[in-house]
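Reading through the structure tokens given below for one structure.
What follows draws every value from the coordinates through simple rules; no lab data is involved. None of the values given here were measured: they were computed from a predicted structure. Every residue, glycine among them, receives a Cβ derived from its backbone with ideal geometry; neighbour counts consider all protein chains shown.
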């Protein structure tokens, strides 16, 4: 298939951060009296950021989050920013194989500082130039609203209907489908367990790919 641009989610698509982050959330909640598995954390919180992320956890625990949670999250973010997070298997090769002139962007709920740091760690910082877009920095409404994808397409000068969006989370898939782009639900990260693809398919993605090689076959026709 031919696309005018590709928009990539980041966490869980290009880097193996989803399982790590949700394990930290689940462990903290469990240790503080709110038993939560990693799978439950991913089901309820994955793909959210800012107020939406906090609100989802507060609904889960039935009350306000203490400052200690935010302090623990900040410490974990600082640790992994220093260490770096490795790429999802096949992601780097996929991006490097793209035609150099094909427009592409990152569309993530994470901060641009986070995106840039980990792109550098996996050796892809140069592959996206200035096109790093954050749902907490560039639009009023982050995922699951479609606004971030529309913003990125406009910045690239491409109609959203001519874009391919690669997403891994139900929250991201919801916004991507609503944007009007062609959406592939990618199940390549270590956090994608049994049934993950079916969950994305139920949200209306156009295709589910079990790994980057399958996605490459689609893009290359």
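Rounded, prolate or oblate: which fits region 97-192, taking a ≥ b ≥ c as square roots of the Cα gyration tensor eigenvalues, rounded meaning a/c under 1.5, else prolate when a/b beats b/c? Rounded. Going from the fewest other Cβ atoms within 10 Å to the most, the residues 134, 41 appear in the order 134, 41. Antiparallel beta bridges, as assigned by DSSP with both residues in the chain, represent about 5 percent of the total such bridges. Go ahead and set up a Gaussian network model of the chain, Cα springs under 10 Å, then flag whichever of 152, 55, 68 fluctuates most. Among 152, 55, 68, the largest GNM mean-square fluctuation belongs to 68. Full extension of the chain segment joining residue 155 with residue 130 gains 8.0 nm, where the gain is 0.36 nm per residue of separation less the Cα-Cα distance. Every helix of 4 or more DSSP H residues in the chain counts as -39500 (n - 2.57), and over all residues that averages to -14000 deg cm²/dmol at 222 nm. Using C-alpha pairs under 8 Å with a sequence gap of at least 6, the mean separation divided by the residue count of region 18-83 gives a relative contact order of 26 percent. Springs between Cα atoms under 10 Å define the GNM used for the chain, and in it the highest mean-square fluctuation of 13, 184, 158 occurs at 158.
Calculated FRET efficiency, residue 216 to residue 73, Cβ-Cβ distance, R0 = 30 Å: about 0.30 to the nearest 0.05. Distance from the C-alpha centroid of region 84-146 to that of region 162-208: 16 Å, rounded to the whole angstrom.
P(r) for region 4-143, from all Cα pairs and a bin width of 5 Å, is 2, 9, 18, 22, 19, 14, 8, 5, 2, 1, 0 %, short bins first. Among 162, 9, the order by Cβ neighbours within 10 angstrom, fewest to most, reads 162, 9. Rounded if a/c is under 1.5, else prolate if a/b beats b/c, else oblate: with a ≥ b ≥ c from the C-alpha gyration tensor eigenvalues square-rooted, which is region 18-83? Taking the square roots of the gyration eigenvalues as a ≥ b ≥ c, region 18-83 is rounded. For the chain, with a Gaussian network of springs between Cα atoms less than 10 Å apart, report the residue from 54, 112, 71 with the top mean-square fluctuation. The residue that fluctuates most here is 71. Per-residue extension of 0.36 nm, minus the Cα-Cα distance of residue 58 and residue 116, leaves a gain of 17.9 nm for this segment.
The value of relative contact order for the chain, using C-alpha pairs under 8 Å at least six residues apart, is 26 percent.
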